[in-house]
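Written out below as structure tokens is the structure these notes cover.
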Amino acid sequence: GIFQEMDVMRGGGHARHQLADYVTTVVTPLLRENDPATDTGRALYEAGAEQLYLLGWMAYDDGQHSLAQRYLVQALRLAQEARCPELGAHVLAGLSDQATLTGNPQDALQLARPARAGLRDTRSEACLADLWALQARAEAALGDAKAAARSVAQSERHAANINVEDEPEWARFIDPAYLNGEYAHAFRDLGRADETAEFAARSADEAARQHRARRGSLAHATLARAALADHDLEAAAAEATTTVRLAVAVRSSRSVEAVEDLRTRLDAHKSSPPVADFFDLAEALLPAAS
């Protein structure tokens, strides 16, 4: 729980090496000494799967995609040995998310759908909401607007039924800040600026309430792109400036990449004073790689 809080509040690069050391020195020896066929062993394997998933997610957020995939695959194996379908589905969700981000949305779909099927005999509204949201992201990346909109609606339906008390601790951040951010990204990829702005604003508001800078930076970057699509340079520059201020507060390659993306998209508008101010701030706080 402590490491998860560090990841969410400070970014995947903040405590990844400390968690890796913990897994190596504490978790791995326990797994070697216990049999998942026993009650104690099963509980340890489930806990180990949680740790490895989080380590994979931190590596993913830190831009270490090959390493992230290795950790996530190990986490999936442990979740299967622990006979924990919810955690297994959560790991597959992480792999699906990574596949979309790295330009493989078809693979993302092939991960999200069976993960959802694996929850047939159990119930986790949070996991189902997440998997539908990630399916929407993949469908949007493939240009299937109708399918993506249906998947967003399915995700919203499950999200409305989430009871935090019934969900495992690792699912607590499958919440409005996260889910609305994913919906916004789906509609952004479809070029639908109104829906993008609506969901991104919801995500940004909730992220601000929780002081979640990484999620906030991603939401404001999405708002900047929606404003740019609406030809509102002043609003786009304001949202881009907020993105920079939030991105510098965390160690997240995704937040930095969001700033770089806005630099590219706004480069043609440097003559605008608000845009020029964004570039000045970005260069001061997050210098562009040479």
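The values are calculated or read from the model by the stated rules, or taken from the named source; none is laboratory data. The structure displayed is predicted, hence computed values, not measured ones. No Cβ is skipped: glycine too gets one built from the backbone with ideal geometry, and neighbour counts run over all protein chains shown. Areas reflect the complete protein model, heavy atoms only, side chains present, ligands, DNA and RNA absent. Shrake-Rupley method; radii C 1.70, N 1.55, O 1.52, S 1.80 Å.
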Notebook entry, point to check: For the stretch 210-218, does any single residue satisfy the condition of being under 21 Å from L131 (Cβ atoms), aliphatic (A, V, I, L, M), free of Cβ contacts under 8 Å to residues at least 60 places away in the same chain and in a loop (DSSP other than H, G, I, E, B)?
Noted result: no
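In the stretch 141-158, which residue that is without any contact (Cβ under 8 Å) to a residue 40 or more places away in the chain, in a helix (DSSP H, G or I) and open to solvent by 30 Å² or more (accessible area, probe 1.4 Å) is farthest from A207 (Cα to Cα)? Walk me through it before giving the result.
In the first step, residues of the stretch 141-158 are kept if they are without any contact (Cβ under 8 Å) to a residue 40 or more places away in the chain; the result is 142, 144, 146-147, 149-158.
This time we only want the ones that are in a helix (DSSP H, G or I), so: 146-147, 149-158.
If we keep only those that are open to solvent by 30 Å² or more (accessible area, probe 1.4 Å) as well, we get 146, 149-150, 153-154, 156-157.
On the way: K146: 28, A149: 23, R150: 25, A153: 21, Q154: 23, E156: 18, R157: 21 Å.
Going through the qualifying residues, I end up with K146.
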Notebook entry, point to check: If you scan the stretch 163-194, which residues turn out to be within 13 Å of A140 (Cβ to Cβ) and surrounded by fewer than 18 Cβ atoms within 10 Å (Cβ to Cβ)?
Noted result: G191
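Of these, G13, G63, which one is small (G, A, S) and in contact with a Ser or Thr (Cβ under 6 Å, 6 or more places away or on another chain)? Talk me through it step by step, then tell me what you get.
On the way: G13 fails: in contact with a Ser or Thr (Cβ under 6 Å, 6 or more places away or on another chain).
Only one candidate passes the filter, namely G63.
Could you grab me the full set of residues in the stretch 34-66 that are part of a helix (DSSP H, G or I) and out of contact with any Leu (no Cβ under 9 Å at 6 or more places or on another chain)? Walk me through it before giving the result.
Just the residues of the stretch 34-66 that are part of a helix (DSSP H, G or I), to begin with: 39-61, 65-66.
D39, T40, R42, A43, D61, S66, listed by residue number.
Please pick out the residue among R116, R120, R137 that is open to solvent by 40 Å² or more (accessible area, probe 1.4 Å) and not in a loop (DSSP other than H, G, I, E, B). Let's see the steps before the verdict.
On the way: R120 fails: not in a loop (DSSP other than H, G, I, E, B); R137 fails: open to solvent by 40 Å² or more (accessible area, probe 1.4 Å).
Answer to the check: R116.
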Next item on the list: Test each condition in (1) in contact (Cβ under 8 Å) with a residue 60 or more places away in the chain; (2) under 20 Å from V259 (Cβ atoms) for F173 and report the one that comes out false.
Entry: (2)
Next item on the list: Output yes when any residue across the stretch 214-237 is crowded, with 17+ Cβ neighbours inside 10 Å and farther than 27 Å from H269 by Cα, and no when none is.
Entry: no
Next item on the list: Filter the stretch 238-253 down to residues that are among the charged types (D, E, K, R) and modelled with pLDDT of 95 or more and give me whichever is surrounded by the fewest Cβ atoms within 10 Å (Cβ to Cβ).
Entry: R245
